[in-house]
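Only one structure is covered here, and it is reproduced in the block below.
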Amino acid sequence: MTDTRSLPLWAGRSMALVGIVLVALNLRTAVAAISPIAAQIGADVPLGAVALGIIGMVPPITFALSGIFGAYAARKVGLERLLAMAIVSMIAGHLLRAAATSYPVLLVGSVLALAGAGVGNVLLPPIVKRYFPDRIGLVTSLYVTVMSLGASIPALVSAPIADSGGWRLSLAVWSVLALGSLVPWIVVIVQHRREKAALEKAVEPPHERLTGSIWRSPTAWTMAVVFGLPSFHAYAVFAWLPQLLVDSAGVSRINAGALLALFGIMGLPAALIVPVLVIRLHNVRWLMLSGLAAFVLGYLGLLLAPSTLTWLWVALVGAGPLLFPASLTLINLRSRTHEGSVALSGFVQGIGYSIGALGPLLVGILHSATGSWTAPLILLLVTVLACAVPAVLVGRRTFVEDEVLPR
């Protein structure tokens, strides 16, 4: 790669920037595309509550597995080529879901699409570090914002497309969006064919040692916990908030859906602002603690006065996941090299999404066992408070390479 330290944003790396944005737009479409049209799909492919629940568990599980194995695959294949393969997996998954005539085929298609998205989750931070080491905050802010938009678009258009053209078209259309994201990376790979040896060198030693040693890094573990907290809460809130609001706050189903949308929208300002703040702040501990404080205030409000200022409590809970874009930015600030960023990204997202997968499950178990929402809300509060120490520790300017590689 050409030295980018003094280059304008577009100079010599326009295709990479377009590719990053388009991939980010695709990373959540497979998550959100089925639920709005589940009834239409169910007319042709039986979809009971258990079946939908299993599909709902697929995203965090596949994201976790992709995080665990993505760093190893990147060392073997290379960042750009592995990302292209991940996009192909997304395309195939979307098409397989659209062609499904049985639940197992629908499930396999979901796994393919989400596995590709999971690998994309892991690769975008190190790709940003490779191509935009001088604009990490700006480009991270851009792609996290676009990722958030990609999660909301299917909720808006899936049902209208299914109504006019059928549910198969509604699922297949996302393969076209994914195909568009493949084009710039093909251009990048072709442009750099003559630099093949240099590109492969970027993911060689000490990458192999670093990937295997990352488990010994205290920084990696604290970052994984901090990344896992917003995942735990986001999946739990998306799964259970509407029912909690109907039961505890007495709101209607329609208003509960609107409040859930408010929770999601609160992530957009954080996606725009937080990565830039993380770059500029000398110590991010107060930023991280402010996210935890928002969680605490929001959950306390839902616990003690759910029917009073309900929108405010939901908005505060929605502000808490500012830890997510902060963690994605810190992946590049807590690693010195491209290979360090790949290893740290894979570890943090692998452990973090594993933690996230437990959120809706534990909340559901507590609610079923107690018949109320008090115990689930206390659980959510306890997990936030338990993250206070890792949130402070992650503010220290440490580097994973210094912790696990011999000097």
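What follows is calculated from the coordinates using simple rules that are stated; it is not laboratory data. Just so it is clear, the model here is predicted, and its values are computed rather than measured.
Miscellaneous remarks
- Cα gyration tensor, the stretch 19-67 - rounded (a/c under 1.5), prolate or oblate: oblate
- Equivalent ellipsoid, the stretch 110-183 (semi-axes from 5 times Cα gyration tensor eigenvalues, Å): 29, 14, 10
- The stretch 291-398 shape via C-alpha gyration tensor axes, a/c threshold 1.5: prolate
- Most mobile listed residue (218, 321, 230) in the chain, GNM with C-alpha springs under 10 Å: 218
- Cα centroid separation, the stretch 216-259 to the stretch 272-304: 15 Å.
- Counting only Cα atoms, the stretch 347-386 measures 36, 20, 8 Å along its principal axes, largest extent leading.
- For the stretch 1-133, radius of gyration divided by Kirkwood radius, i.e. Rg to Rh on alpha-carbons: 1.07
- P(r) tail fraction, the chain - alpha-carbon pairs more than 38 Å apart, %: 18
- Estimated [θ] at 222 nm from DSSP helical runs (n ≥ 4, -39500 (n - 2.57)) normalised by residues in the chain, nearest 500: -26000 deg cm²/dmol
- Size descriptors for the stretch 58-167: radius of gyration and Dmax over Cα atoms are 15.7, 49 Å.
- Gyration tensor verdict on the stretch 211-252 (Cα atoms; rounded if a/c is under 1.5, prolate if a/b is larger than b/c, oblate otherwise): prolate
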